[in-house]
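Have a look at the structure below before the remarks.
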Amino acid sequence: MAQPKTPLVFFKTDAGGEPVREWLKRLEKADRQAIGLDLQRPQFRRPAGIPLGRPLGQGLFEVRTNLTSNQIARVFVCHHDGELVALHGCIKKTRRTPRDDRELARKNMKKVEQS
């Protein structure tokens with residue numbers, strides 16, 4: 001029996017913006033499609049282990065996507081109220097995921113949890 005698909009929603013700012021959706025729209029079509037495919041795995045609750053992603057602790061996860069430009073995208077997600085919430089997206093420019101990006105994702109996750 002197939003597992004039900006968890007809906008993917010985008011984090012909304014207090015002003016109603018959706019930063020991840022807006023970031024995705026600025027990427028090349030092929031890169032958007034690659035990220036979308038990689039986001040489908042956690043929607044079906046399949047293990048999102050390396051190389052696709054990894055848990056970052058306290059309910060925060062990252063989904064990794066290799067882009068056509070030989071760069072790596074990160075989308076930070078969490079599960080909340082039966083939904084997979086895309087909290088923040090970035091292009092990784094160094095070996096490590098930047099601390100500022102992880103902190104912003106955690107800040108957005110706390111906002112989601114408080115709503």
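General remarks:
- Note on region 81-100: residues that are within 23 Å of Leu37 (Cβ to Cβ) and at pLDDT below 95 amount to 7.
- Remark: pairs (first residue in region 67-85, in contact (Cβ under 8 Å) with a residue 40 or more places away in the chain and under 18 Å from Val9 (Cβ atoms); second residue part of a loop (DSSP other than H, G, I, E, B) and hydroxyl-bearing (Ser, Thr, Tyr); Cβ separation under 9 Å; 6+ apart in sequence or on different chains) = His79/Thr6; Gly82/Thr6; Glu83/Thr6; Leu84/Thr6.
- Filtering Thr65, Thr6, Thr94, Thr13 for residues that are among the hydroxyl-bearing types (Ser, Thr, Tyr) and under 13 Å from the mean Cα position of the chain (by Cα) leaves a single hit, Thr65.
The values are calculated or read from the model by the stated rules, or taken from the named source; none is laboratory data. Everything numeric in this text was worked out from a predicted model, so none of it was measured. We place every Cβ from the backbone using ideal geometry, glycine too, and count neighbours over all the protein chains shown.
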